[in-house]
1. Restricting to the stretch 13-43, give me the number of residues that are of a type in the set (Ser, Thr, Tyr) and under 19 Å from ASP62 (Cα atoms).
2. Pull up the stretch 59-88, narrow it to residues that are of a type in the set (Gly, Ala, Ser) and under 16 Å from ARG5 (Cβ atoms), then point me to the one that is nearest to the chain's Cα centre (by Cα).
3. Pairs only if they're at least six apart or on different chains, beta carbon under 9 angstrom, first in the stretch 1-25 and touching a residue at least 60 places away in the same chain (Cβ under 8 Å) and farther than 19 Å from LYS64 by Cα, second open to solvent by less than 40 Å² (accessible area, probe 1.4 Å) and in a helix (DSSP H, G or I); list them, first residue then second.
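The values are calculated or read from the model by the stated rules, or taken from the named source; none is laboratory data. Bear in mind that the values here come from a model prediction, so they are computed numbers and not experimental data. Don't worry about glycine lacking a Cβ; one is built from the backbone with ideal geometry, like all the others, and counts go over all protein chains shown. For the accessible areas, the whole protein counts, side chains as well, though only heavy atoms, and no ligand, DNA or RNA atoms are used. Shrake-Rupley method; radii C 1.70, N 1.55, O 1.52, S 1.80 Å.
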Amino acid sequence: MAAKRKFEVFSAGGPACSEDIEMVQRAAGPSDKVTIHDMKDINIARRAESLGVRSVPSVLIDGKLADCCSGRGVDEQVLCAAGLGKAL
């Protein structure tokens, strides 16, 4: 199996989260693996906190908080510049 970039979306399930989840899934390509995490699960919330997630929705790319998620919200252009939707 070919290597894939790992995109993890941390969500609380609200409308803003749903829009960003849809955007990430729409923009993802064959080289991307997108996983959605529900912050209502205490174990997910603890893991998110340990990874630096301070607000939702937030996206991690290969285990690192995306630049756009450091307090400003999810930004499709930033995620695409980080490789979302592009071949490895």
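1. Qualifying residue count for the region: 2.
2. ALA66
3. Qualifying pairs under 9 Å: none.
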